[in-house]
Amino acid sequence: MAALRALIFDVDGTLAETERDGHRVAFNRAFAALGLPWRWDDAGYGVLLRVAGGYERLLAFLATQADAPADAGERAALARIIHQRKNAEFAALVAQGGLAPRPGVRRLVDACAGQGILLAVATTTGRANLDALFPHLFGADWPQRFAALVCAEDAPRKKPDPQVYAIALQRLGIAPGEAIAFEDSPAGLAAARAAGLACLVTRSVYFANADFSGATAVVDDLDAAPDWPCASPRVDLQALRTLHAARA
């Protein structure tokens with residue numbers, strides 16, 4: 001039986017509630033700054049999240065708007081401009097202290113440092129968003145904490161495609177049976193499972209009532225796991241090792 005050697009994290013909605021409180025707000029700020037008429041409310045953005053990737057999500061939205069450019073090439077150019085401004089607005093929002101790690105995230109990441117457990121990221125968001133967010137979640141030394149970072153630039157095929165997880169496993173130099181993935185969405189769960197990974201789901205705001213059939217376990221957050229298949233009421237390394245061994 002392979003030992004647990006790594007934890008691989010999604011970012012948006014998993015490490016922090018970045019979709020509702022970060023990217024959505026940043027998109028709206030970008031629309032306003034560019035003099036564009038659109039605004040995304042909480043509920044509407046939840047529907048848009050069916051499309052993985054911020055740029056791709058924006059393209060899909062523009063294709064439905066009568067006041068967006070009719071030409072696909074012009075829409076793509078406009079989407080690039082908006083997305084670039086959105087990333088800048090996201091960085092500013094993070095710098096203002098607008099986002100915090102989800103409960104238990106920092107505790108679990110800190111615990112891995114002393115236990116020889118590798119940490120990795122497998123996300124469809126861009127590297128610039130990690131560079132803005134992670135110092136505020138994990139401190140200035142965050143690059144030394146993560147053995148592998150796989151972002152949108154590395155894996156162009158979006159979840160539920162398993163590409164991002166396959167690359168993360170390759171960079172870590174481990175087999176799928178030696179890691180647990182952390183996700184918050186059905187598409188992320190599907191990507192992890194397709195890559196052969198066990199997957200623990202931490203329900204986020206937009207996917208609180210989603211179907212997570214096939215997940216190794218589902219919890220509200222890392223500090224609130226009363227009904228999961230481990231004795232511990234929170235997700236810690238001992239419980240994860242127990243969960244991993246049971247799956248094997």
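The values are calculated or read from the model by the stated rules, or taken from the named source; none is laboratory data. Here the structure is a predicted model, which means the values were calculated and not measured. When we count neighbours, we look across all protein chains shown, and the Cβ atoms used for this are built from the backbone with ideal geometry, even at glycine.
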Among residues belonging to segment 57-78 that are closer than 16 Å to Tyr45 by Cα and of a type outside the set (S, T, N, Q), point out the one that is farthest from the chain's Cα centre (by Cα). Ala63
Give me the pairs, please: first residue somewhere in segment 97-123 and without any contact (Cβ under 8 Å) to a residue 60 or more places away in the chain, second residue anywhere and among the aliphatic types (A, V, I, L, M), beta-carbon distance under 8 Å, and either six or more positions apart or on two chains. Arg106/Leu137; Val109/Leu119
Residue by residue through segment 59-82, note down the ones that are closer than 18 Å to Gly126 by Cβ and of a type in the set (D, E, K, R). Arg80
Can you tell which of Ala3, Ala43, Ala68, Ala79 is farther than 30 Å from His244 by Cα, surrounded by fewer than 14 Cβ atoms within 10 Å (Cβ to Cβ) and either assigned by TED's automatic domain parsing to the domain that holds Phe207 or of a type in the set (Gly, Ala, Ser) (or both)? Ala43
Would you be able to tell me the number of residues in segment 196-248 that are more than 26 Å from Arg24 (Cα to Cα), in contact (Cβ under 8 Å) with a residue 12 or more places away in the chain and among the polar types (S, T, N, Q)? 2
How many residues does segment 132-181 contain that are surrounded by fewer than 18 Cβ atoms within 10 Å (Cβ to Cβ), assigned to a helix (DSSP H, G or I) and either touching a Phe, Trp or Tyr at 6+ places or on another chain (Cβ under 7 Å) or free of Cβ contacts under 8 Å to residues at least 12 places away in the same chain (or both)? 5
Looking only at segment 191-238, which residues are out of contact with any Asp or Glu (no Cβ under 9 Å at 6 or more places or on another chain), closer than 28 Å to Pro156 by Cβ and surrounded by 17 or more Cβ atoms within 10 Å (Cβ to Cβ)? Arg193, Ala195, Leu197, Ala198, Thr216
